[in-house]
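First comes the structure, then the notes that go with it.
Just so you know, all these numbers are worked out from the coordinates, no wet-lab data involved. Because the structure is predicted, anything quoted here is derived from the model rather than measured. Using ideal geometry, Cβ is built from the backbone for each residue, glycine included, and neighbour counts are taken over all protein chains shown.
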Amino acid sequence: MSESFRFPAVENHNPLNVESSKTVVKTIRREKNEASLDRASMARSSKEKMTRKTTLSEIARKAGVSTATVSRSLGNSHLIHPETRVRILNLAIQSGYKGRSGYVSRARQGGVKLGILIDERQNASTPASVLFLQGVALEAEKNNLLLRIEKWIAPCPKGKDASRELPRLVKNRLIDILILQGEYRHEEIRALSQQMPLVSFQQKCDGGSIDVVESENGQAFRRIIAHLVARGHRHIAWVGASRNDAYSRDRAAGFFLGCLDGGLPWSMDNFLCASPLDADAGALRLALGAAFRRGITAFVCVSDSIAEEVSLQLSSLGLKIPDDVSLVGYGAEKLQLGDGKRLTSFNPGFVELGCMAVRVALQRLAHPLAPPLTQRGGGQIQVGQTIKTI
């Protein structure tokens, strides 16, 4: 394994050179100052330990487990079941627990140090995020890696220098390589990539030399359309999200190509948008109703959360799924809708994607000068109860 990205400790070479009484006095004063600083540092360390103990207790109380179980889970101990580890890690993230240097597996201090940066602006408790973290934890344990996790948000406004306030894991050189989870601005990714090698989950960056692990996006929706066509559907509409991130664009492109593959009639009127704002729910309801009246027989959604919103609006219109119209999501996150029906969805395998991110990180450390790598996962359609054959 390459040592290019290891950060050796800096030794303090400061030999005492006594040549005069003035030098001795200066040395004594310096030593007194250092002793005072050491005492202050020890006091801060003691305070940090007390704070950490209290926080661990709070997490244990919320999780319904012992403090020892929480400590072992945050240390990625194989003695704790992986699902329990991820559940406790999720609670730690939600509570803002940071420990002394992020969530740290301390059992393997001599090994490769792998960091995970979670965007604080995003919801880290979604099923996709939790499953991805579970995959990272499993692969890190398999390879005997030291795992550190930090929840971070760049404190600078858009367009400003993102390198001014780096995450502690990066600024203090506590890791060898970093995995990004969340939606970061390009200037944030570039600033981080200038400090150490990165592996990004789902998000590419213009002008940044980073490795990327992504799920099936475009190809997944081509497969979804092919499945619907095989079930007799000829008039299918797309329901996207208001955000304009790269993987949403890839999924919309896959939907379009799938329609072309199947020889389906195509119109921009069949591209709908769902906004998270309550004020826009009425607009989505009107658009869905108009699409149904035009003969749409199936709605394909960019994510399961959007599919859930679409199901609610269709229900408010008096339309039944799948009797009146079929519905498909992506992510296998919301497998059951409000009426109890299992949602048909594409499952990209987020646990395996987490494992893949760790393997790519290790490959980067072994070959630091290799060109940027993009690896794509597989996945499959999980057929539920929201599609009917026409």
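Taken over the range 169-186, the criterion of being surrounded by fewer than 19 Cβ atoms within 10 Å (Cβ to Cβ) and within 29 Å of ARG243 (Cα to Cα) is satisfied by GLU183, ARG185, HIS186. The set of residues from the range 283-308 being touching a helix residue (DSSP H, G or I) at 6+ places or on another chain (Cβ under 8 Å), within 15 Å of LEU228 (Cα to Cα) and either part of a loop (DSSP other than H, G, I, E, B) or aliphatic (A, V, I, L, M) (or both) comprises ILE296, ALA298, VAL300. Listed by position, the strands (runs of 3 or more DSSP E) enclosed by the range 211-281 that each have at least 3 residues that are more than 30 Å from ALA366 (Cβ to Cβ) are 236-241, 271-274.
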